[in-house]
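These notes concern the structure reproduced below.
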Amino acid sequence: MSDTGKIATAELGTGGPQVGVQGLGCMGISEFYGDTDEAAARDTLEAALDVGVTLFDTADIYGSGANETFLAPFVGAHRDEITLATKFAIERSDTDPNFRGVRNDPAYIRQAVEASLRRLGTDVIDLYYMHRRDPLVPFADSVGAMAELVKEGKVKQLGLSEVTGAELREAHAVHPIAALQSEWSLFSRDVEISAVPAAVELGVTLVPYSPLGRGFLTGAFADAAKELSEGDFRKHQPRFTGENAKTNAALLEPVHTIAAAHGATAAQIALAWVQQRAQVHGLTVVPIPGTRKRSRLLENTGATRLTLTEQELRSLEPIAGQVAGDRYPDMSSTAAARE
Ligand SMILES: NC(=O)c1ccc[n+]([C@@H]2O[C@H](COP(=O)([O-])OP(=O)(O)OC[C@H]3O[C@@H](n4cnc5c(N)ncnc54)[C@H](OP(=O)(O)O)[C@@H]3O)[C@@H](O)[C@H]2O)c1
């Protein structure tokens, strides 16, 4: 954090804009993590910008468009101060709330971008991601269609989410990819297999999602099935319930020890770890922890001032390998399924 009270900045993709070195994930405002106090969430957006968070992350799927609509007034008030990221590709159904389809075809992309622009109340999206990959649609078609949107001025930069290193290389050959958004945390390190080395090679910025393990790494809950409200997505994540959750909560002991030594919180240690792990790879990262609370936003951005020692990093190293249970109830559309 500089003397101005703002967090440091990082380049988003080679030659791209400078953004705050930590972004804000907005998904939880509209879905998946229980009820939201909307006034507090709006206040959190303003607090984020005040401390230099400039990358704001949403997707058309979050709340089936409601998250983009929620962000529109904030976008309107601060259009030139923020870098606005949204995503397409996950199709939902009006009749089955559990249905998820993946669409990467050009006609769908064209329709999705228009809908996102309309909901966000803007004429340009700064960073447009393909949320999930349909391996049956060639990148020449889907990334080609995304590149057309850049040409037309509807989108400034392109991103992908949950792709392998090989897929990142293939897409980058069609059009430069500025950012790869994938899960990366003390608990989830499969991205380091092939995507991270490819991102380093290509100058792609990594945007780690769920860097707090959806809240589990902070100690905010220990068993999703018992503690979280009905409808909370985490109740269905194998690693957060029952015996798995018990095993995984015990893995957090070194995180709490290190937090106590720094007078910090577990959340801050988890976020500092992502930044430092990226440095080991020589990679630029802009993690996007999600929160709807000003106090947590300030806590999380405070982590950008923390440096973990070599010994602390070593003690955190074995954690991911011992985590019980998958990241998703169905892993079929993740990059890990295609590694
Ligand atoms: N590309 C993808 O496929 C994908 C998938 C998932 C998420 N994402 C993006 O990544 C963003 C972040 O991921 P995420 O929201 O899933 O997980 P996360 O950032 O790991 O964790 C968010 C959860 O942690 C809680 N939290 C935040 N700061 C905390 C703190 N200091 N102490 C205690 N609890 C804290 C939040 O609750 P409160 O809100 O109540 O503070 C929320 O329940 C999302 O918002 C979304 O934009 C992308």
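State, as an integer percentage, the relative contact order of the chain based on alpha-carbon contacts under 8 Å between residues 6 or more apart.
For the chain, the relative contact order is 20 percent.
Select from N98, N300, N248 the residue whose mean-square fluctuation is largest in a Gaussian network model of the chain (Cα-Cα springs shorter than 10 Å).
N98
Provide the packing ranking of 273-279, 155-161, i.e. peptides ordered by the mean count of other C-beta atoms within 10 Å per residue, highest first.
Answer by packing, highest mean first, reads 155-161, 273-279.
Keeping the other protein chains in place, figure out the carbon and sulfur percent of the accessible area of the chain, with a 1.4 Å probe.
51
What do you reckon, how do E230, E11, E299, E243 stack up by accessible area (1.4 Å probe), largest on top?
E230, E243, E11, E299
Kindly identify the stretch 244-339 as rounded, prolate or oblate by the Cα gyration tensor criterion: order the square roots of the eigenvalues as a ≥ b ≥ c, call it rounded if a/c is under 1.5, otherwise compare a/b with b/c, prolate if a/b is larger, else oblate.
Judged from the Cα gyration tensor, the stretch 244-339 comes out rounded (a/c under 1.5).
Could you tell me the relative contact order of the stretch 138-274? Use alpha-carbon pairs under 8 Å, at least six residues apart, and round to a whole percent.
19 percent.
Ranking request for peptides 57-68, 135-146: highest mean number of other beta-carbon atoms within 10 Å first, then the rest in descending order.
Averaged packing, sorted descending, gives the order 57-68, 135-146.
Can you give the charge dipole size of the stretch 259-339 about its Cα centre, rounded to the nearest 20 debye, using +1 on the beta carbon of Lys and Arg and -1 on the beta carbon of Asp and Glu?
Dipole of the stretch 259-339, to the nearest 20 debye: 420 debye.
From the Cα gyration tensor of the stretch 48-205, with a ≥ b ≥ c the square roots of its eigenvalues, which class applies: rounded if a/c is under 1.5, or else prolate if a/b is larger than b/c, or else oblate?
rounded
With the cut-off at 17 Å, report for the stretch 157-213 the share of all Cα pairs above it, as a whole percent.
27
How much length is gained on full extension from T14 to T69, taking 0.36 nm per residue of separation minus their Cα-Cα distance?
Fully extending the segment from T14 to T69 adds 16.8 nm.
Output the DSSP H helices from the chain with an along-axis C-alpha extent of no less than 20 Å and a mean Kyte-Doolittle hydropathy no less than -0.5.
Length and hydropathy pass: 106-120, 266-281.
State the percent of C-alpha pairs, over all pairs in the stretch 1-122, separated by a distance greater than 16 angstrom.
65
Over all distinct alpha-carbon pairs, what is the Kirkwood Rh of the stretch 218-294 in angstrom?
It works out to 14.2 Å.
How big is the Cα convex hull of the chain in projection, averaged over all directions, in nm²?
15.8
Quick one: which of 25-35, 184-194 comes out on top by average Cβ neighbours within 10 Å, and what's the full order, highest first?
For the peptides 25-35, 184-194, the packing ranking is 184-194, 25-35.
Measuring with a 1.4 Å probe in the full set of protein chains, what accessible area per residue, in whole Å², belongs to the stretch 60-194?
Spelled out: the 1.4 Å probe surface of the stretch 60-194, per residue, equals 38 Å².
The values are calculated or read from the model by the stated rules, or taken from the named source; none is laboratory data. Keep in mind that what you see is a predicted model, and the values were worked out from it rather than measured. Because the Cβ atoms are built from the backbone with ideal geometry, glycine has one as well, and the counts that use them run over all protein chains shown. These accessible areas exclude ligands, DNA and RNA; they are computed on the full protein's heavy atoms, side chains included. Shrake-Rupley method; radii C 1.70, N 1.55, O 1.52, S 1.80 Å.
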